[in-house]
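To start, the structure under review is shown below, and the notes come after it.
The numbers here are math on the coordinates, done by the rules we state, and not lab data. Just so it is clear, the structure is predicted and the values come from calculations on it, not from any experiment.
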Amino acid sequence: MVERPRRRVVWLTSTDTAPAAPAGPGPNVGLSYIDVLFGLATGRAFLMALGDVSQLRSEEWSHFLVVLVLIACSWIGYHLNRTRSNPGRAEFTLAALPPLVQIGIDVALVALYYRMASRLRADHTIHTELRLMIAVFVLYAVWDILDLKVSRDRQATAVRVFVDAVWVGLLFEVARISWAAPWTEQRVVLVDVVLVALLVVYRYVPAGVLALLPGRHSR
């Protein structure tokens, strides 16, 4: 039997190193943390509203609806804004200051939502609800102003800042009209319906304004 020569395997090495894989996205410490806070605010709303459903008044149901719509729309808007802005790494540097401040605003916003949820059964005159809603939209405006520093589409961000300012004015007008009239259960429900409508329409207006601007269709 003829013995076959064994093959000799030689591992070739090269001094040329393969190109490094592109670095992945930087750490985003605010994403999952803010999502948890949104969940806490939503849970608080359900706990306050459904703890004793048999004694829930009509205006308390309408407050519950306002809080749910506000939190849901804000959560969607939060992720859309983060996707559009593509914020840099969470670093404590001057260059990363706007994204860091935005994270702080996100936390403050969810704290306001939690506060609104906690007052579902206490705010039968809607004064506090309107004040908190105005504060929410003021923070929206500040968030979008900061976003001008990091956004890849400054025109779209500027439109959102403009819409924020308009909605703050609308909420002030709703508050002025509402506070001048005596409170009834029907009036509270009506104001809550107006607030829900403003919250939903607010999410569609920026895209509608952008569609009317010349040159946007080609982008």
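Our estimate of slack between A72 and V142, defined as 0.36 nm per intervening residue step minus the Cα-Cα distance, is 23.2 nm. Computed over segment 125-173, the Cα gyration tensor eigenvalues convert (square root of 5λ each) into semi-axes of 25, 10, 5 Å, ordered from largest to smallest.
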